[in-house]
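Asker: Please see the structure below; I have some questions.
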Amino acid sequence: MTWLDGHGLAGEPLRLSLSLNPTHVAALDLDQDSDLDLVTANSIPDKRLSDNVSVFVQDGRRSFGDRRNYAIGKGPVALAHGDLNADARPDLFALDPGSFSVLLNLGSGRLAAALAAKLTGEARAAALADLDADGDLDALVAGGLPGARLTGEPRGGVCALLNDGKGTLRKSFELETGSSPAAITAGDLDGGAGVDLIVSDSGAGGIEVLLNIDTLDGRPARVDLLDERTPPGAHALADLNGDARLELLSSALDEPLVRLRENRGGRWDGEPATFHTLEPLTHLHAADLTGDGLPDVIGRAKSGTRVVWMENVSSPRGPDEPPEIEPRDCAPRRESPFRRGDATQDGRLNLGDAVAILAELFLGKPEAGCADAGDVDDDGRVNLTDAIELLQSLFAGKASPPAPLDVCGPDPTADELGCQAFLPCTP
């Protein structure tokens, strides 16, 4: 992780010892000492082992204690937090495709063992909101519903889990949406009664706005379908211009852009403003990164190697002032020195490095934190040619890869790859 300096610029990265394959991260004050702690949901490749959430409690001096792990269901797809048992402490709600887990906060940054329950269908996303206006948070799970429509198409929708006030969640109703709901957000969008929902459908290429959900049968008072033209990837709600209305931001699943729609009393019927980013974004979050009192937007790139933030440059002068954001890199990249071709970061050039490059390209294996090391021919891309060039250098007498090679050094060629960490060159 990286601390920001109040101007959106990052300091030196702080490395935490994580479980394998963290899929989600949340920052919240678990121990109620006024500083934020970290929680990650982790996927463990070994099918014999449970997946888990890891808790890192901050000491107030920008350092974190040892990791504590808590078992959850297999294949986490969502992680949410809020007070589920009315003790004024934030609890965790972890979702996997076939079940959910509630981890109640015991205080001092410790959690109780997960209370798990099965779900029917295939869960993909979750949100917490007080659906029945009884003062405690309920859960909304978006995904595939059991059975099929009369047309034979799969059913997609939202399953509502009502809270008994003690953290026990039980199914209340189902609400049908598009066939492939992939993200869900709850909030008050129009100032009316009842919870409002935003649901992204990755199959239909649209976003459904469901206003004023009735807690008895789950029927919304109104449904608006926003045409995104391309399948949406993620969305977020934030009052960007200080008019007490939540604007809607959405990313595209396969295109490097973010759309911003103004809230006109619960309607987003105007043409969205479009902002281009370096990569498609799979997660969007709103937070004040610059200390000016206005929420900025931060997104995780689909490649998993980049975070993009969008500075809020709106004028907080009310509803007549349209919100504006400016996409930026999260921070000037702090490049680590490296040795070209050493994709495995073991300090040697050998066949294993070519295998690692091929595994990244064709098996989906993530690179080890230094994409520049795999760019053997220094053309600003990692592709099949790099593996071939390395093999020819090792076994066919072809010239060695360009610098830096024998000693650690920076990339002499400017490109978009970067090298965030290279262990053999770390003091």
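The values are calculated or read from the model by the stated rules, or taken from the named source; none is laboratory data. Since the model is a prediction, treat every value here as computed from it, not as a measurement. Here the Cβ is made from the backbone with ideal geometry for all residues, glycine too, and neighbour counts use every protein chain on show.
Asker: Across the range 5-47, what is the number of residues that are modelled with pLDDT of 80 or more, over 17 Å from the mean Cα position of the chain (by Cα) and farther than 29 Å from GLY293 by Cα?
Answerer: Here the count works out to 1.
Asker: Kindly check whether there is at least one residue in the range 83-90 that is surrounded by 14 or more Cβ atoms within 10 Å (Cβ to Cβ) and not in a loop (DSSP other than H, G, I, E, B).
Answerer: The answer is no; no qualifying residue exists.
Asker: Criterion first (farther than 29 Å from LEU226 by Cα and free of Cβ contacts under 8 Å to residues at least 60 places away in the same chain) does ALA123 satisfy it? Before the answer, list the steps.
Answerer: Details: farther than 29 Å from LEU226 by Cα: no; free of Cβ contacts under 8 Å to residues at least 60 places away in the same chain: yes.
No.
Asker: If you don't mind, there's one more thing I want to ask. With respect to GLY135, determine if the residue is small (Gly, Ala, Ser) and under 23 Å from GLY194 (Cβ atoms). It would help to see each step written out before you state the result.
Answerer: Values: small (Gly, Ala, Ser): yes; under 23 Å from GLY194 (Cβ atoms): yes.
Taking the combined requirement at face value, the residue satisfies it.
Asker: Checking VAL102 against (1) surrounded by fewer than 13 Cβ atoms within 10 Å (Cβ to Cβ); (2) modelled with pLDDT of 95 or more, only one condition comes out false. Which one?
Answerer: (1)
Asker: Take the residues of the range 372-386 that are touching a helix residue (DSSP H, G or I) at 6+ places or on another chain (Cβ under 9 Å) and surrounded by 23 or more Cβ atoms within 10 Å (Cβ to Cβ): which is farthest from GLY409 (Cα to Cα)?
Answerer: Let us first name the residues in the range 372-386 that are touching a helix residue (DSSP H, G or I) at 6+ places or on another chain (Cβ under 9 Å), namely 373-379, 382-384, 386.
Then drop every residue that is not surrounded by 23 or more Cβ atoms within 10 Å (Cβ to Cβ), which leaves 373-376, 386.
Numbers: ALA373: 11, GLY374: 15, ASP375: 14, VAL376: 14, ASP386: 19 Å.
Here the answer is ASP386.
Asker: Quick one: would you say CYS425 is surrounded by fewer than 18 Cβ atoms within 10 Å (Cβ to Cβ) and closer than 14 Å to GLY347 by Cα? Lay out the reasoning, then the answer.
Answerer: Details: surrounded by fewer than 18 Cβ atoms within 10 Å (Cβ to Cβ): no; closer than 14 Å to GLY347 by Cα: yes.
It is false that CYS425 is surrounded by fewer than 18 Cβ atoms within 10 Å (Cβ to Cβ) and closer than 14 Å to GLY347 by Cα.
Rundown of residues vs (1) in contact with a helix residue (DSSP H, G or I) (Cβ under 8 Å, 6 or more places away or on another chain); (2) assigned to a loop (DSSP other than H, G, I, E, B); (3) touching a residue at least 12 places away in the same chain (Cβ under 8 Å), yes/no style:
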position	(1), (2), (3)
ASP33	no, yes, yes
LEU38	no, no, yes
ALA41	no, no, yes
ASP46	no, yes, no
ASN52	no, no, yes
ARG61	no, yes, no
PRO76	no, yes, yes
ALA80	no, no, yes
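Asker: Also, quick follow-up: Quick test for you: out of ASP406, ASP353, ASP378, ASP346, pick the one residue that is under 30 Å from GLY299 (Cα atoms) and not hydrophobic (A, V, I, L, M, F, W, C).
Answerer: Values: ASP406 fails: under 30 Å from GLY299 (Cα atoms); ASP353 fails: under 30 Å from GLY299 (Cα atoms); ASP346 fails: under 30 Å from GLY299 (Cα atoms).
That would be ASP378, the only listed residue that is under 30 Å from GLY299 (Cα atoms) and not hydrophobic (A, V, I, L, M, F, W, C).
Asker: Of all residues in the range 285-340, how many are modelled with pLDDT of 70 or more and of a type in the set (Gly, Ala, Ser)?
Answerer: 9
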